[in-house]
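One structure below.
The values are calculated or read from the model by the stated rules, or taken from the named source; none is laboratory data. Only a predicted model underlies this, so the values are computations on that prediction, with no experimental measurement involved. Every residue, glycine among them, receives a Cβ derived from its backbone with ideal geometry; neighbour counts consider all protein chains shown. Surface areas here come from the heavy atoms of the whole protein model, side chains and all, with no ligands, DNA or RNA. Shrake-Rupley method; radii C 1.70, N 1.55, O 1.52, S 1.80 Å.
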Amino acid sequence: MKSDSSVRNDAGALAGIVPGVNLAAEPGRMDFYERARGRHLAPLWRVLHGLVTDRPAPRCVPAIWRYAEIRPYLMEACKLISAEEAERRVMVLENPGLPGESRVTQSLFAGLQIILPGEIAPAHKHTASALRFIIEGHKAYTAVAGERTMMEPGDFVITPSMSWHDHGNEGDAPMVWLDGLDMHIVNLMCASFRESYPGKVQPLARPEGAAMAEAGHNLLPVDAKYPAQTSPLFSYPYRRTRDALDQLARFRGADPWHAYKMKYINPVSGGWAMPTMSTWMQLIPDGYKTAPYRSTDSAVFTVVEGRGSSKIGAQTFDWGPHDIFVVPSWVAHEHSAVGDAVIFVYSDRVVQEKLDFWREDKSNAA
Ligand code: GTQ
Ligand code: FE2
């Protein structure tokens, strides 16, 4: 007889939480469960409603990281380890509902990367795609697939799957950005590969600005082929994004749920800029309050400008510039701004859309 406590003890523990199972009959079934387990078989009826839930049941919880509180930890990390030794000097934002899993939501990774003047984060490549959202600093670059781009606060920068990338800081102050990665999605399907570049930095094949010249003006070279699903534009400067929102707000009324929400697009397809993570920028005008909204994507919000607060489920979070907060799947949320607020957001929406299961709810029902 096996002494597996999960089989022996759970008839009582499961009382009242396994709909459709006659718990009074369970003890008489225990011997069967144990023998089946020996053959690597398990009865679906004991787990079905935890697998196919009536509605999203995220373990991820609403949470906020206030920049003023976490920035000192980034600075302290700089005293303890170099960018080179760490490979990437990143403090991972761990969702309080998923401790130790390096997840900001169940599907997404978020980390704050810091690179000091003169440092280099060495070149590597991997299956996972990354997005960078620049928080502070100047004169640091990332090189992606043979081209460099300088990074400025508010810029959104893409590292596509399997492209070589290295980062360097040529300025005189630390640079900090938010990393968003899809490795948990990659790992769900056990598809991860990674390689170090032989050498600290990759050689540059194109001048800075080449991608912007080629794809950044609503024009594309006539015969160019773009087999990848990621945007060939790998930097979306804040100046342009901010200007677009500003101009839009001059002639359009604010949407009740979104205020002004503009998605970053891939100019080749017109779809989302990245194949695994949706990205957008949201402008909430001074004094505006959005209506309660929920959707099945989980999202990471980074405040660029302005102050305000968000009610996420039952909790209310006050936020200001550089604060980062999380909205889990299907949790109703509403935002209000004091002064015009600009917020960068990434989520797993694009994956869900491709798989035909993304849903939203504008009914105001929490
Ligand atoms: O900058 O290449 O936060 O590969 C995690 C994995 C950053 C990066 C992260 C990475 C990187
Ligand atoms: Fe990387």
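Residue by residue through region 343-366, note down the ones that are aromatic (Phe, Trp, Tyr) and in a strand (DSSP E or B).
Scanning region 343-366 gives PHE344, TYR346.
What are the residues in region 320-342 that are under 16 Å from MET281 (Cα atoms) and touching a Gly at 6+ places or on another chain (Cβ under 8 Å), if any?
GLY320, PRO321, HIS335, SER336, ALA337, ASP340, ALA341, VAL342
I need a count of the residues in region 254-302 that are over 21 Å from the mean Cα position of the chain (by Cα) and of a type in the set (Lys, Arg).
1
Whether any residue in region 80-96 is free of Cβ contacts under 8 Å to residues at least 12 places away in the same chain, farther than 23 Å from ARG132 by Cα and out of contact with any Leu (no Cβ under 6 Å at 6 or more places or on another chain) is what I want to check.
Yes, there is a match, as at least one residue in region 80-96 is free of Cβ contacts under 8 Å to residues at least 12 places away in the same chain, farther than 23 Å from ARG132 by Cα and out of contact with any Leu (no Cβ under 6 Å at 6 or more places or on another chain).
In this structure, does PRO62 turn out to be surrounded by 14 or more Cβ atoms within 10 Å (Cβ to Cβ), closer than 22 Å to VAL327 by Cα and in contact with a strand residue (DSSP E or B) (Cβ under 6 Å, 6 or more places away or on another chain)?
Yes; evaluated as a whole, the condition is true for this residue.
Within region 1-16, restricting attention to residues that are touching a Leu at 6+ places or on another chain (Cβ under 9 Å) and either hydrophobic (A, V, I, L, M, F, W, C) or modelled with pLDDT of 50 or more (or both), which residue is most open to solvent (accessible area, probe 1.4 Å)?
Only one residue tops the list, namely GLY16.
Identify the residue in region 74-94 that is in contact with a strand residue (DSSP E or B) (Cβ under 6 Å, 6 or more places away or on another chain) and not hydrophobic (A, V, I, L, M, F, W, C) and, among all such residues, is surrounded by the fewest Cβ atoms within 10 Å (Cβ to Cβ).
Filtering region 74-94 for residues that are in contact with a strand residue (DSSP E or B) (Cβ under 6 Å, 6 or more places away or on another chain) and not hydrophobic (A, V, I, L, M, F, W, C), the one surrounded by the fewest Cβ atoms within 10 Å (Cβ to Cβ) comes out as ARG88.
Taking the stated definitions as given, is GLY168 open to solvent by less than 20 Å² (accessible area, probe 1.4 Å), out of contact with any Leu (no Cβ under 8 Å at 6 or more places or on another chain) and more than 16 Å from ligand 2 (Cβ to nearest atom)?
no
Residues that are under 19 Å from GLN352 (Cβ atoms), at pLDDT 95 or above and charged (D, E, K, R): does region 294-304 have at least one?
Within region 294-304 (the criterion being under 19 Å from GLN352 (Cβ atoms), at pLDDT 95 or above and charged (D, E, K, R)), the answer is yes, since at least one residue qualifies.
Where in region 24-126 are the helices (runs of 4 or more DSSP H), entirely inside, with at least 2 residues that are away from ligand 1 (no atom under 16 Å from the Cβ) and either more than 28 Å from MET274 (Cβ to Cβ) or of a type outside the set (Val, Ile, Thr) (or both)?
In region 24-126, 30-38, 48-51, 67-80 are the helices (runs of 4 or more DSSP H) which contain 2 or more residues that are away from ligand 1 (no atom under 16 Å from the Cβ) and either more than 28 Å from MET274 (Cβ to Cβ) or of a type outside the set (Val, Ile, Thr) (or both).
Answer with yes or no whether ASP155 is more than 20 Å from PRO237 (Cα to Cα), touching a strand residue (DSSP E or B) at 6+ places or on another chain (Cβ under 8 Å) and among the acidic types (Asp, Glu).
no
Could you figure out which of (1) under 26 Å from ILE343 (Cα atoms); (2) within 12 Å of ligand 2 (Cβ to nearest atom); (3) open to solvent by 10 Å² or more (accessible area, probe 1.4 Å); (4) out of contact with any helix residue (DSSP H, G or I) (no Cβ under 7 Å at 6 or more places or on another chain) isn't true of PHE109?
PHE109 satisfies every listed condition except (4).
Exactly one of these conditions fails for PRO198: (1) free of Cβ contacts under 8 Å to residues at least 60 places away in the same chain; (2) more than 12 Å from ligand 2 (Cβ to nearest atom); (3) surrounded by 21 or more Cβ atoms within 10 Å (Cβ to Cβ). Give me its number.
Status for PRO198: all satisfied but (3).
Please go through region 126-152 and give me each residue that is small (Gly, Ala, Ser), within 16 Å of ligand 2 (Cβ to nearest atom) and out of contact with any helix residue (DSSP H, G or I) (no Cβ under 6 Å at 6 or more places or on another chain), ordered by number.
Selection gives SER129, ALA130, ALA140, ALA143, ALA145, GLY146.
Restricting to strands (runs of 3 or more DSSP E) lying wholly in region 262-342: which have 3 or more residues that are over 24 Å from HIS217 (Cβ atoms)?
299-312, 315-319, 324-327
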